[in-house]
1. Once you charge only the Cβ atoms, +1 for Lys and Arg and -1 for Asp and Glu, what is the size of the charge dipole of the chain about its Cα centre, to the nearest 20 debye?
2. Explain nothing, just the number: relative contact order of segment 4-94, from Cα pairs under 8 Å at least 6 residues apart, as a whole percent.
3. For helix 16-27, report the angle its Cα long axis makes with the longest principal axis of the Cα atoms of the chain; keep it between 0 and 90° and round to the nearest 10°.
4. Can you compute the helix-only [θ] at 222 nm over the chain? Use -39500 (n - 2.57) per DSSP H run of at least 4 residues, normalise by all residues, nearest 500 deg cm²/dmol.
5. Add +1 for every Lys or Arg and -1 for every Asp or Glu among the other residues with Cβ under 12 Å from the Cβ of R71, and state the total.
6. If you build a Gaussian network model of the chain, linking Cα atoms that sit under 10 Å apart, which residue out of G15, G64, G38 swings the most?
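Bear in mind these aren't lab numbers, they're just calculated from the coordinates by the rules spelled out. A quick note: this is a predicted structure, and the numbers were derived from the prediction, not measured. Note: ideal-geometry Cβ built from the backbone for every residue, glycine included; neighbour counts use all protein chains shown.
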Amino acid sequence: MSARCIHPGWDVLVGGSTIRESWQSIFSGGATLNVEAGDVEVSVFGEMAWVQCLEQIRNLGETGEQLSVARATNLFVKDGGGWRMILHHASPVPSPMEEDDLGLVH
């Protein structure tokens, strides 16, 4: 089973090396990124689990701070080595939300 990753606005990425390269590209883009998870819900069903959350993404670049919010779902399967993420899917939240609405712990 190949892992899958869907970043907000991207097409599906398949396979560990492709997904790893995408994250390396995102975090090496020159801006400082800070990601906080809020409104976290964890559900476990035997050997499978998912985590749903709101991701608050602060991008501190040359043009100042940009705030984005995405709804993310992460799917995990349990194998001999522990829990492995097999799917990350994040979709942008259309309108900016107030920090208090995000359920973030400060």
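1. Values: 6 positive and 14 negative charges, 111 e Å.
I would put it at about 540 debye.
2. Values: 169 pairs, mean separation 24.4, N = 91.
Computed over segment 4-94, the figure is 27 percent.
3. 20
4. Details: 1 runs with 12 residues, N = 106.
Helix contribution divided over all residues of the chain: -3500 deg cm²/dmol.
5. -3
6. G64
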